[in-house]
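Following: one structure in structure tokens, then a few remarks.
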Number of protein chains: 2
Amino acid sequence: MSEYTKLTKEELLKEKELLLKKFDEYKAMGLSLDMSRGKPCKEQLDLSMGMFSSDIDYIDEGIDTRNYGILDGIPSCKKLFAELLGVETKNVIAGPNASLTLMFDYICQCFAHGVLGEEAWRYNDSIKFLCPVPGYDRHFTILDYFDIEMINVPMNENGPDMAQIKEYIKDPNVKGMFCVPKYSNPSGITYSDEVVREIAALKPAAKDFRIIWDNAYFIHDLDDNGDKLLNIFDVLPEYGNDDMVIEVCSTSKITFSGAGISAIVASDANIAQIMGRLNCQTISYDKMNQLRHSRFFGTAEAVKEHMKKHAAILKPKFEIVLKHLENELGGLGVANWGNPKGGYFISLDVMEGCAQRVGELCKEAGVTLTPVGATYPYGKDPKNSNIRIAPSFPPVEELDLAAGILCVSVKLACIEKLLG
Amino acid sequence: MSEYTKLTKEELLKEKELLLKKFDEYKAMGLSLDMSRGKPCKEQLDLSMGMFSSDIDYIDEGIDTRNYGILDGIPSCKKLFAELLGVETKNVIAGPNASLTLMFDYICQCFAHGVLGEEAWRYNDSIKFLCPVPGYDRHFTILDYFDIEMINVPMNENGPDMAQIKEYIKDPNVKGMFCVPKYSNPSGITYSDEVVREIAALKPAAKDFRIIWDNAYFIHDLDDNGDKLLNIFDVLPEYGNDDMVIEVCSTSKITFSGAGISAIVASDANIAQIMGRLNCQTISYDKMNQLRHSRFFGTAEAVKEHMKKHAAILKPKFEIVLKHLENELGGLGVANWGNPKGGYFISLDVMEGCAQRVGELCKEAGVTLTPVGATYPYGKDPKNSNIRIAPSFPPVEELDLAAGILCVSVKLACIEKLLG
């Protein structure tokens, strides 16, 4: 098949007829398939059940983890995160089960109390944040909750468009940026060393500019040949920007999505301000869960080994989807997609103006996708083009079907568009 | 010994000499005893270790608790809290390990976004809260963090002074009140049915007046003869005040202080607003921990039985302290104290102007008390009189010594004061 744009009207109508036949066959199967969220599957969750198999220990360096106190997390857990992320233990706070909470609470802190002595953001009605797009919907939800205006910054193949960022940060009302620097959600792109350096070197007009470095997939490679991300905390001091970045991560996709642990990494000054708030907000996060995690793994190396088991489950799932995309959409000139080396998503860009229709067709045939538009602030993809595919949860045989339906839907939607 | 105020100067000096001798004996022991925080002791924490002894189940009514989702908590856990608190399941959100977080986050929500459509508190520089005193220092810390002015309301033997409260709430800037309605921290007082009804019937000028009903000790009786608290949610509808109360509780002093679960109870409208925020703040609280708890107990009745084991550990600790107070301070006219039927504290009021000095003397002899003043907003006890005794953590033999030192310190401080 040649590129759709080169086909005549008659050829397109013929192709449409064939596709509709296939689509109806899928529909007749009465399927209910879900590729909407980056949820680990049962087999992945089973990998960490050993955490509960041995006698439960509850003492960490003399601390009874069952009792009150130890606001910044237990020593063994802080050390494990520090080792994994290549930072000092003193710059780590071990957190609750969701890094989302760490991000929400940090933005809330900036909103209510400001950043290190600067005016609280709540006094400024024109606060803006930069959002590399497509991006993670839950980042946008946080910003929207605090009425922070979101500015789209396009993603290039090595990270966000730095030229645009450098322009935007001349505005003192631009107070920050959300990044998923490794295996970006959803594009799967990892920021190049050069981009990380450029980010570390930024000189924003706002002294209280904060980059939320959501390193959600820091260790989530699909094989041994994973992307390497430059540690931004190694570079920040060169530019006197030690305080500019707040990093978060979690074990939601390492152990349990609903019962893992998280961490926040920041400069001494930022950690001190966060601790000041935490001292009002909690007595400690769940230290027994922290200890179960640090005992189950022991070392950063063991976490990396553990991630290979996840990769063995996930890689075939990515492969089956990519095979469908290549075989069925390759060469048609109606779609582009990434081939990520890790993370949880495949990002598919279809012909402009068609993504919404693809979502509708998929739904009609029993496949739930992430709501089209969700990867953009305000749920509005300006090109109506991006589709986020989340292959982790369904079994391979379901993915096989779902990806087939997705490809037929993409082709149908694009032909409809071309036929006008 | 007769009342100190009736002694002559010579008699006081003689008594002081005897006390100093005893005090020096204690000091020479080089003790380090801690009665400062309401922490469960090791034996109490051991009571719940059975939670980990059986095979770990992770499915609750078809929900895999290890995965994302279920923002309001798993069904079995919500039901358990609903049964314990006598409310409907739909009005319960099962929360994180600390109810403090639920309270902080709720006040923060009122501050940033307001209450059910009313103007956010952050736009008003004159927000005030009523604080029954003595009270819980961590409530005051939350209010102080959000620059909310705190107004002392004295506690009577059946609850806070309702006449004063009714006066204060005529001011529309008075936006709420923190209460520990059962076994108040630190007085041990339980609000009478009449007081609960009066609170439920309040008609504050502020439509967004919110009572944080911190039911921390709702089931924490020292024996079978515990206080009964009227369920305020049964009474609120009679006065059209369904939305006025936000109740919280936790298992911090039932299972694990650092790894328990909490709950927030509120009207449909309040729950809906809280869920709207939670949807931005987290993906769920720790559902595996929720399930461990609901499986370990099964029924509300089992929780009550479990609390008898706590009582068996705690009661002798309260008794030894009370014995010292009665034997050594009784009849001297320099101190009053409560005899609580539950909770975690004994509240001791010494002669006005003497509490600070008692704290200093205790410290000198190796006993750490809750910082004097901490039971009042801004850390300022206007009468410099209240001392919070926390007998739960130290072993009985240590309490025996600590209470002895406390009594000598009280007597010395009061004599110093009388001698001028």
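Could you say whether any residue in segment A:146-155 is surrounded by 20 or more Cβ atoms within 10 Å (Cβ to Cβ) and of a type in the set (Phe, Trp, Tyr)? Taking every residue of segment A:146-155 in turn, none turns out to be surrounded by 20 or more Cβ atoms within 10 Å (Cβ to Cβ) and of a type in the set (Phe, Trp, Tyr). For first residues located in segment A:96-112 and within 7 Å of chain B (Cβ to nearest Cβ), partners that are outside any loop (DSSP other than H, G, I, E, B) and aliphatic (A, V, I, L, M) and lie 6+ apart or on another chain with Cβ distances below 7 Å form the pairs A:PHE104/A:ILE142; A:CYS108/B:ALA112; A:PHE111/B:ALA112; A:ALA112/B:ALA112.
Which one is surrounded by the fewest Cβ atoms within 10 Å (Cβ to Cβ) among residues in segment B:371-401 that are of a type in the set (Asp, Glu) and within 16 Å of B:GLU43 (Cα to Cα)? Going through the qualifying residues, I end up with B:GLU397.
Scanning segment A:82-97 for residues that are open to solvent by 10 Å² or more (accessible area, probe 1.4 Å) and either touching a Gly at 6+ places or on another chain (Cβ under 9 Å) or of a type outside the set (Val, Ile, Thr) (or both) yields A:GLU83, A:LEU84, A:LEU85, A:GLY86, A:GLU88, A:LYS90, A:ASN91, A:PRO96, A:ASN97. Exactly one residue among A:ASN231, A:ASN185, A:ASN225 is open to solvent by less than 10 Å² (accessible area, probe 1.4 Å) and in contact (Cβ under 8 Å) with a residue 60 or more places away in the chain, and that residue is A:ASN185.
Working only within segment B:197-221, note down all residues that are of a type outside the set (A, V, I, L, M) and farther than 15 Å from B:ASN173 by Cα. Scanning segment B:197-221 gives B:ARG197, B:GLU198, B:TRP213, B:ASP214, B:ASN215, B:TYR217, B:PHE218, B:HIS220, B:ASP221. For segment B:8-18, the condition holds for no residue, the condition being that it is within 14 Å of chain A (Cβ to nearest Cβ) and of a type in the set (Val, Ile, Thr). Note on segment B:59-79: among residues that are assigned to a loop (DSSP other than H, G, I, E, B) and open to solvent by 40 Å² or more (accessible area, probe 1.4 Å), the one that is farthest from the other protein chains (Cβ to nearest Cβ) is B:GLU61. Only one of the numbered conditions (1) surrounded by 23 or more Cβ atoms within 10 Å (Cβ to Cβ); (2) in contact with an Asp or Glu (Cβ under 7 Å, 6 or more places away or on another chain); (3) of a type in the set (A, V, I, L, M, F, W, C) is not met by B:ILE199, and that is (2).
Within segment B:1-31, being outside any helix (DSSP H, G or I), more than 34 Å from the chain's Cα centre (by Cα) and farther than 18 Å from B:ALA335 by Cβ holds for one residue alone: B:THR8.
Annotation note: Cβ proximity below 9 Å between a residue of segment A:113-126 that is on the phi > 0 side of the Ramachandran plot and a residue that is open to solvent by 60 Å² or more (accessible area, probe 1.4 Å) and among the charged types (D, E, K, R) (sequence gap 6+ or interchain) occurs for A:LEU116/A:LYS207. The strands (runs of 3 or more DSSP E) found wholly in segment B:102-202 and carrying at least 2 residues that are out of contact with any strand residue (DSSP E or B) (no Cβ under 6 Å at 6 or more places or on another chain) occupy B:149-156. Please work out if B:ASP242 is modelled with pLDDT under 95 and part of a loop (DSSP other than H, G, I, E, B). The answer is no for B:ASP242. Taking first residues from segment A:377-398 that are in contact (Cβ under 8 Å) with a residue 24 or more places away in the chain and partners that are surrounded by fewer than 20 Cβ atoms within 10 Å (Cβ to Cβ) and among the acidic types (Asp, Glu), the Cβ contacts under 7 Å between residues at least 6 apart in sequence or on separate chains come to A:LYS383/A:GLU352; A:ASN384/A:GLU352; A:SER385/A:ASP349; A:SER385/A:GLU352; A:ASN386/A:ASP349; A:PHE393/A:ASP34; A:PRO394/A:ASP34.
Can you find a residue that is among the basic types (Lys, Arg) and out of contact with any Leu (no Cβ under 7 Å at 6 or more places or on another chain) anywhere in segment B:40-52? Taking every residue of segment B:40-52 in turn, at least one turns out to be among the basic types (Lys, Arg) and out of contact with any Leu (no Cβ under 7 Å at 6 or more places or on another chain). Scanning segment A:124-133 for residues that are open to solvent by less than 20 Å² (accessible area, probe 1.4 Å) and away from every other protein chain (no Cβ under 14 Å) returns A:PHE129, A:LEU130, A:CYS131, A:PRO132, A:VAL133. Summed over segment A:113-123, residues that are more than 10 Å from chain B (Cβ to nearest Cβ), open to solvent by 40 Å² or more (accessible area, probe 1.4 Å) and either more than 20 Å from A:LEU71 (Cβ to Cβ) or of a type in the set (S, T, N, Q) (or both) total 3.
Report, ordered by the first and then the second residue, all pairs with beta carbons closer than 8 Å, sequence separation of six or more or different chains, a first member in segment A:32-52 that is at the interface with chain B (Cβ under 9 Å from one of its Cβ atoms), and a second member that is of a type in the set (D, E, K, R) and open to solvent by less than 10 Å² (accessible area, probe 1.4 Å). Final answer for the pair search is A:LEU45/B:ARG66.
Meeting the requirement of 3 or more residues that are within 14 Å of chain B (Cβ to nearest Cβ), under 30 Å from A:LEU71 (Cα atoms) and open to solvent by 30 Å² or more (accessible area, probe 1.4 Å), the helices (runs of 4 or more DSSP H) wholly within segment A:253-369 are A:268-281.
Report, by residue number, each residue of segment B:281-293 that is in contact with an Asp or Glu (Cβ under 8 Å, 6 or more places away or on another chain) and either among the hydrophobic types (A, V, I, L, M, F, W, C) or modelled with pLDDT under 95 (or both). B:LEU291, the sole residue that qualifies. For B:GLU88, the test of being of a type in the set (D, E, K, R), touching a Pro at 6+ places or on another chain (Cβ under 6 Å) and farther than 29 Å from A:ASP64 by Cα is failed.
The values are calculated or read from the model by the stated rules, or taken from the named source; none is laboratory data. None of these values were measured; they are calculated from a predicted model. Here Cβ is always computed from backbone atoms with ideal geometry, including for glycine, and neighbour counts include all displayed protein chains. The area values use the complete protein model at the heavy-atom level, side chains included, leaving out ligands, DNA and RNA. Shrake-Rupley method; radii C 1.70, N 1.55, O 1.52, S 1.80 Å.
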